[in-house]
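**Student:** Here you go, one structure.
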Amino acid sequence: MSQLHLVRFPDFARELVRLNVKVMLVGGDQGLRAAKEATDAIPIIVAACDPLDSLVASIARPGGKATGLTCVSSELAGKRLQLLKELLSPLTRVAILYNPEDRNKPWEYKQSQEAADKLKLTLRAYEARSSIEIDEAFTARADEVLE
């Protein structure tokens, strides 16, 4: 989408409010931001793969008039660790491989760290931006296990 269209999102949202629509369907964090600024009375449904933490209270309970779908699975990080611990008892250490350049992954890592703390797990993160860094992370992990 061109920058021109993104800049016009607030205008589009205000126009929908003027038209007295019953519900707004928006895409992405820019669409949600524009809709929330335009109204607090019209329900908003968002479909996004963007981090929405600055715009909603949580993905599970966004609060206000916003709800919707996201492909961001950060809030499931804790549940994944909980299931892993139940399946592999007595699990005490977990390694996570993630790409910090994916703007969703640092947030997901933070959620994983918080869950690991609650579950009394030691969490070790390995950053990988390329296949070479993935190989290096696995080599580093193998070296740690052998120590």
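The values are calculated or read from the model by the stated rules, or taken from the named source; none is laboratory data. Remember, it's a predicted structure, so these values are computed and weren't measured experimentally. Every residue, glycine as well, gets a Cβ built from its backbone with ideal geometry; the counts of neighbours run over all protein chains shown.
**Student:** List the residue pairs whose Cβ atoms are under 6 Å apart, where the first residue sits in the range 89-103 and is within 12 Å of Thr122 (Cα to Cα), the second is surrounded by 11 or more Cβ atoms within 10 Å (Cβ to Cβ) and β-branched (Val, Ile, Thr), and the two are 6 or more positions apart or on different chains.
**Tutor:** Filtered contacts from the range 89-103: Arg93/Thr122.
**Student:** So if I check each of Leu76, Leu52, Leu123, which one is among the hydrophobic types (A, V, I, L, M, F, W, C), touching a strand residue (DSSP E or B) at 6+ places or on another chain (Cβ under 9 Å) and either part of a helix (DSSP H, G or I) or at pLDDT 85 or above (or both)?
**Tutor:** Going through Leu76, Leu52, Leu123 in turn, just one is among the hydrophobic types (A, V, I, L, M, F, W, C), touching a strand residue (DSSP E or B) at 6+ places or on another chain (Cβ under 9 Å) and either part of a helix (DSSP H, G or I) or at pLDDT 85 or above (or both): Leu123.
**Student:** I would also like to ask the following. Search the range 1-27 for residues that are in the same structural domain as Glu37 (by TED's automatic domain parsing) and at pLDDT below 90 and pair each with any residue that is surrounded by 10 or more Cβ atoms within 10 Å (Cβ to Cβ) and in a loop (DSSP other than H, G, I, E, B) when their beta-carbon atoms are under 8 Å apart and the residues are at least 6 apart or on different chains.
**Tutor:** As it stands, the answer is Val21/Ile42; Lys22/Ile42; Lys22/Pro43; Val23/Ile42; Val23/Pro43; Met24/Thr39; Met24/Ile42; Met24/Pro43, since those pairs meet every condition given.
**Student:** Restricting the range 95-120 to residues that are of a type outside the set (A, V, I, L, M), assigned to a helix (DSSP H, G or I) and touching a strand residue (DSSP E or B) at 6+ places or on another chain (Cβ under 9 Å), which is surrounded by the most Cβ atoms within 10 Å (Cβ to Cβ)? Can you show your working first?
**Tutor:** Just the residues of the range 95-120 that are of a type outside the set (A, V, I, L, M), to begin with: 98-114, 117-118, 120.
Of the ones still in play, those that are also assigned to a helix (DSSP H, G or I) are 105-114, 117-118.
Subset that is touching a strand residue (DSSP E or B) at 6+ places or on another chain (Cβ under 9 Å): 105-106, 108-109, 112-113, 117.
Numbers: Lys105: 20, Pro106: 17, Glu108: 20, Tyr109: 18, Ser112: 23, Gln113: 17, Asp117: 11.
Per the stated criteria, the residue is Ser112.
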